[in-house]
Structure formats: structure tokens, C-alpha cells
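A.B. asks: First the structure, which I've put down as C-alpha cells, then a few questions once you've had a look.
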Amino acid sequence: MLGRHKSTISRELARNDAEYLPSKAQARYERRRKNCRPHKILENPDLFARVKHLFLGLHWSPEQIAARLKLEGYPIQISYKTIYRAIYAGMFDTPEQRRSQGNRGARRYLRHKGKPRHKKGYVSNRGKIPISHELSERPVEANNRERLGDWEADTIVGFNHKSGVLTLVDRRSRLLIAVKLTRLGSKEVKAAMIEALRGQPLHTITPDRGREFQLHGEVAAALGVEFYFPPPHHPWERGTNENTNGLLREYFKKGYDFKNLTDEELQAVVDQINNRPRKCLGYRTPQEVYFSEMLHLV
């Protein structure tokens, strides 16, 4: 009558009471079905608490945790891959971290802060800007610091990436020009650079490859100068600028909010740096070298 094999019906009866009630049998089936799945190893409360303490409390890596538990002969063994899966599944996140948009939660305790990693040979196109000239094409006079007007450019980022300073350093004299930026957009950097360098000796500009310099073509057209870009992640190719930024950081620590800084206060710091004797200049100051050579050019 039911269209089922007699063995199926006999097993169904054997699993339940002698007086068979379909509703009770269905409830028992649902409970058994729920419990028959493989249990996650970290559902064990003791193991979960131990792994959580080692990972979040002591900052051990998943591989260190798994290997140490094995070395200690812990009754429950776990692989580091299982711990990684639990971290990325959010098992160690707080309720606030789960509700937060963009918060990577407990993944931030990993060495790479939960950021995605790429395979060997991966080439990223994210954030790239058009390049007019490679640094290898820069004139030899600029490379050898033989003249005024070969500038290195960079930006110093302020609190919460909302404001900053454009820094321009002459390679020959080490003279610093700094301009406060209320925003770090490419349009603001373009306008500040044109205003700062107009009327100055100008042959080349060597910035980094940050997106704030993506409008360098418009600056080149406005000032009649060429831009030369070093390879990605080669800050030593602009060592003069990087060193000068370090001098500015003596006054404005990382996280400083440049919105609270006036142009006069910034210029006072720039004047101090430009009037500091430099060993590479024979203990003359950048101000002395720059303006003495400017007089010869005139």
C-alpha cells in the first residue's frame, strides 16, 4: 500500500516505539538527521577556548598553534588549515566586528592582517597611473645633481588620509618647498604643484607612482617640464625627497591632522629645514646654495 520495501518499513518500526505514531517518528527523524552530520572540531568548547586564547591573546599563528598542540600531546588534534578556515569564517569575531562593514575582524591578528595574497608572478593593475618617462630616461645632469631645477615630489599623509602636505625638493640644493593640501586628490596636487613651481628653475620632476600624481600630464603641459617615474616600490630612487620628508616628520608626527596647521606655521618649519647646514653641501644650507646659484643664473 505504501509502495516501500518491507525492510524499509520494518526498520522504521524498529527505530520507534511499538505503538507507531507518525508525528513522533518524524520529530525523532529530524533530530537524528540534524545530529548525523560531521561536527566541526572547534565546536569542542575546551579546544575552541584554547585556540582562541593562543591566537587572539598570545598572537600565535595557526601553524604554531597546531604544531604546539601536537607536541604537547593535546587529546584533540587540529590542523592549521582548519584554524585558518575558522578565522576566515568569523568564528573568533566579536558581535560588533560581525556587524561592522569592512572590518576584517580577527583576521587582523594574522601576520598579513587578513589581506588577500597573490600567487607568484601575479601582476596587479590596481591603482596604476600612466607613465610618461621611466627614471632611466632622466637626463644625466639631473642624475648627477649638476644644476638647479631637478625636483623630487611626494606627499605626506595626515590624520585619516584626509589632509596632507605636498613636498618638492630640489636635487642640487636640497631646498624644500611644501604646500598644505586640504584634500589628497589628484586635482589638488596638480594645482599645488603648478603654483609652487611656477617661476622656479625647472628641468625635471621625479615623483613616486601614487595616484595623486595621475594628472602629471597637465602639470607638464602647464609648466613645460617632463616627469620621470622610478620603478614601483623604489623609494631610494628619490632619496633626497624621502630624507626631507623624514625631517618634516620630526615636527609633524604620523597621524598629525594638517587641517589644524596654518600656512604660516608650515612655512616656519620649512624655513628651519632650509636653513639647517648639510654635510653633503659642505655645511652650507639649502637656502644658501639655492639662492646663490639663482643669482648666477640671473
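A.B. asks: Going by the structure shown, is Leu181 modelled with pLDDT of 95 or more and in the same structural domain as Ser292 (by TED's automatic domain parsing)?
C.D. replies: no
A.B. asks: Given Lys190, Lys180, Lys162, which one is over 21 Å from Val289 (Cβ atoms) and in contact with a strand residue (DSSP E or B) (Cβ under 8 Å, 6 or more places away or on another chain)?
C.D. replies: Lys180
A.B. asks: Among the listed residues Glu188, Glu218, Glu195, Glu212, identify the single one that is part of a helix (DSSP H, G or I) and either closer than 13 Å to His133 by Cα or within 19 Å of the chain's Cα centre (by Cα) (or both).
C.D. replies: Every option except Glu212 fails the conditions.
A.B. asks: So, in the range 146-173, how many residues would count as being outside any strand (DSSP E or B) and under 21 Å from Glu264 (Cα atoms)?
C.D. replies: Residues flagged as outside any strand (DSSP E or B) and under 21 Å from Glu264 (Cα atoms) within the range 146-173 amount to 4.
A.B. asks: Among (1) part of a loop (DSSP other than H, G, I, E, B); (2) within 29 Å of the chain's Cα centre (by Cα), which single condition is His39 missing?
C.D. replies: Unmet condition: (2).
The values are calculated or read from the model by the stated rules, or taken from the named source; none is laboratory data. Just so we're clear, the structure is a prediction, and the values are computed from it rather than from any experiment. Every residue, glycine as well, gets a Cβ built from its backbone with ideal geometry; the counts of neighbours run over all protein chains shown.
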